[in-house]
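Enquirer: Below is the structure I would like to discuss, written out as structure tokens.
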Amino acid sequence: MNKKFKESLLKGEDTVSKFAKIKEQKVEEPIKIIEDEVERASIPKKYLEVITDAWKEEPDSTYYGIINAFTRAGRNIETNEENIDKRIELEEHAGKLLEKLAVA
């Protein structure tokens, strides 16, 4: 098997494993956790509502739901030259949260 292909498969399996782990981690106050994360990550407050609205579209009181809110918010932001960086930043932050929470 090609080395790069095998590495990609292993990375994919690792990501799936991390998502499975955080899907089981229940949280009491998901909106509060989102608020705290927005502040901790210095994400502009104007995006807090976008992220919480994204969570409300598919409420899930697990860390998976919180990460999903950040990625959904990124996808929900209208794409234009002014805010494309913010879309990418929100989705990248979701990836960082996955790495952080999957080892917690």
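The values are calculated or read from the model by the stated rules, or taken from the named source; none is laboratory data. Here the structure is a predicted model, which is why all the values come from computation and not from measurement. Neighbour counts run over all protein chains shown; Cβ positions are idealised from the backbone, glycine included.
Enquirer: Kindly check whether there is at least one residue in the stretch 51-60 that is touching a helix residue (DSSP H, G or I) at 6+ places or on another chain (Cβ under 8 Å), touching a residue at least 24 places away in the same chain (Cβ under 8 Å) and within 19 Å of residue 16 (Cα to Cα).
Expert: There is at least one residue in the stretch 51-60 that is touching a helix residue (DSSP H, G or I) at 6+ places or on another chain (Cβ under 8 Å), touching a residue at least 24 places away in the same chain (Cβ under 8 Å) and within 19 Å of residue 16 (Cα to Cα).
Enquirer: Tell me which residues, restricted to the stretch 16-37, are touching a Ser or Thr at 6+ places or on another chain (Cβ under 9 Å) and either part of a helix (DSSP H, G or I) or surrounded by 11 or more Cβ atoms within 10 Å (Cβ to Cβ) (or both).
Expert: Scanning the stretch 16-37 gives 22, 23, 25, 26, 27, 30, 31, 34, 35.
Enquirer: Next question. From the list 54, 73, pick out the single residue that is at pLDDT 95 or above and not charged (D, E, K, R).
Expert: Of 54, 73, the one residue that is at pLDDT 95 or above and not charged (D, E, K, R) is 54.
Enquirer: Can you confirm whether the stretch 61-76 contains a residue that is surrounded by fewer than 13 Cβ atoms within 10 Å (Cβ to Cβ) and assigned to a loop (DSSP other than H, G, I, E, B)?
Expert: There is no residue in the stretch 61-76 that is surrounded by fewer than 13 Cβ atoms within 10 Å (Cβ to Cβ) and assigned to a loop (DSSP other than H, G, I, E, B).
Enquirer: Something else about it: Taking the residues in the stretch 76-104 that are within 20 Å of residue 57 (Cα to Cα) and acidic (Asp, Glu) as candidates, determine which candidate is modelled with the highest pLDDT.
Expert: This residue is 91.
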